[in-house]
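Here the structure is laid out as structure tokens; the discussion comes afterwards.
Derivation of every value follows stated rules applied to the coordinates shown; laboratory data play no part. All of these numbers come straight from a predicted model, not from anything done at the bench. Using ideal geometry, Cβ is built from the backbone for each residue, glycine included, and neighbour counts are taken over all protein chains shown.
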Amino acid sequence: MADLFSLESTGDVAAGSAGSRLGTGLDTGVLRRKYGFGDRVSELAIAQDPFFRMVSKLSKKATDDPEFKFTERRPSFHKRYAYVVAQGTSAQTAVDNEATLTAGDVAVGSTYHLLMGTDYLSSGNLGLVYGQANTAIEVGNSGTKPSFFLPDQIIKVNMTDDTLAAADTSVAAEDYFLAKIVAVTDVGNYVNLECKIVRTMSNQAKVEVCSYYGATASIDDQDLSGKSIAEYLEPKRCYVIGSSHAQGSGYPQTWKDQPFSTGYGRTQIWKTAMAMDNTTRATVLKYEPNEWARVWREKLIEHKWDIEQSIMFGAQAQVDDEWYTQGAVDFISGYGNTFSLSHASKTQDDFLDDLSSFLDPRYNNANASLFFVDTATYNWLHKLSGYFSNNLEISPNFRADMALSAKKKVFGVDISVISTPYGDMNVARNIHLDGSAIKILAVNMKYCAYRPLVGNGLNRDTAIYVGVQTLENSGVDRRVDLIQTEAGMEWQMPEAHAYWA
């Protein structure tokens, strides 16, 4: 075994030398001698590994297989919507026609046809993720056919009188008509609905279908990954709003969703070794008499530090015979909602807009996030939350919409609680994010887990191995200790994670 830890003598601290830390101009001398220093030594205490602490305390779930699988479940109750991509008085078989309809064609009792498509995968109910252009699901993609439409359902179609000329312009729904589905016909990844109009527009001037963005271009031509649901997508969606049946008409048709999808993870092996000869172990030194105990403590901290770095930035992969586990940054940047953040230009109002999108229940149906932030953003958030109370408070009874409401410790990690209109943000400073592109990493602690490998009586969660190595040509025994961890991260994402970069 290679000697991973070699003891070297500590020389004098040269006054004024490059890189040295000077208290005075006096040469302090050999540090192992006392020279009247006294018995006190200061150490800098930092929150070294907040993410590792949280997952190991809150979300540790052992696995008995180094390549483990898991299942995700996404409900469909809020996803019975689709977009009109073609419409007319006859059956529609091709997308993109004129956005304008004739008011008389949707008079009450008339028959009208709507070609409908949607933007999520039916298998697993996998929907859009904000900011993920590379994995965006567009209207009409393979696997997105809206199979939930059934005869006798009532749908609502939003209308406007906007010219719908700009693709990135949000269009307000100014009116709507209601239609009862008479028949459903599959058209590739779309469905044609033959409808009977049961409610026409109140204002006959509102004759533009909201799901178009131009005179002859419908929403299926757009990348929707960067669009806000509330402001942009929702006015364009057509929802099932119930059903209507004749008396004694018997059982209606039915449908069922497929809400499950699967994923997998891999464990990674971390090792940290230390070596110490028995002479050094038996020698009593100044400050900390037991050199073996000091180095052992430092190696444990080093081992945890390495795990924190891996479960933050690691990428799931197999390279030759080695496996690498999934890191939070890699997973969320590839699958989670992403937003931009510039401390210089992002205002409190802008930030609350981002929170509104991030915590929209149509993206995120579970608010149990812990916000890990870098140092600059930690300060920025406290400035935002403290500005109102420090500078603009009118009276003690006037409440700020975003304010620092509490500070607490959770498993030794300092947590700042910032109250917002969308609930409390639990914010923890994580110095591992300093120097990276990540400003805020929001992790839903209910849906991630630290998974140590445990099985057949063996526990690979921070196992410690002790051996004795004989130095060549010396006959001297040296104690060799090895700290080893084998664990992976499990992610079950309900479109609930985000980071700002």
Next on the checklist: For LYS256, give me every one of the lysines with a C-alpha distance below 16 angstrom, ignoring sequence neighbours fewer than eight places off in its own chain.
Outcome noted: LYS79, LYS145
Item to check | Vicinal HN-Hα couplings computed from phi for segment 173-179 (Karplus, 6.51 cos²θ - 1.76 cosθ + 1.60; Hz; Gly/Pro x) | outcome: 7, 9, 6, 7, 10, 10, 9
Checklist entry - Using mean Cβ contacts within 10 Å as the protection proxy, how do 423-432, 323-332 order, highest first? => result 323-332, 423-432
Next on the checklist: As a test of understanding, state the convex hull volume per residue of segment 105-209 from its alpha carbons, in Å³.
Outcome noted: 116
Next on the checklist: List the residues, sorted by chain then number, that are 5 or more residues from LYS60 or on another chain and whose placed amide H is less than 5 Å from its amide H.
Outcome noted: TYR450
Checklist outcome for this item: One would report the antiparallel percent of DSSP beta bridges in segment 76-246, rounded to the nearest 5, as 100
Item to check | Stretchable slack from VAL198 to ASN278, in nm (0.36 nm times residue separation minus alpha-carbon distance) | outcome: 19.8 nm
Item to check | Long pairs among LYS304/LYS383; LYS180/LYS236; LYS299/LYS407, criterion Cα-Cα beyond 27 Å | outcome: LYS304/LYS383; LYS299/LYS407
Checklist outcome for this item: So, with points 7 Å from each Cα along the Cβ direction, the VAL182-ALA103 label distance in nm works out to 2.4
Checklist entry - If each residue's Cβ is checked for other Cβ atoms within 10 Å, how do SER333, SER110 rank with the fewest at the top? => result SER110, SER333
Item to check | Ranked packing of 286-295, 177-186, most packed first, by mean Cβ within 10 Å | outcome: 177-186, 286-295
Checklist outcome for this item: Highest mean packing first, using Cβ neighbours within 10 angstrom, the peptides 244-255, 125-136 sort as 125-136, 244-255
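Can you sort GLU98, GLU208 by how many other beta carbons sit within 10 Å, fewest first?
Working: GLU98 14, GLU208 21.
Final ranking by Cβ density, sparse to dense: GLU98, GLU208.
Please give the contour-minus-distance gain from ALA172 to LYS446: 0.36 nm per residue of separation, less the Cα-Cα distance, rounded to one decimal in nm.
Working: separation 274, 0.36 × 274 = 98.64 nm, distance 3.59 nm.
Additional length available on full extension: 95.0 nm.
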Item to check | Spatial extent of segment 176-273: Rg and Dmax, with the Cα atoms as the point set, Å | outcome: 21.7, 78
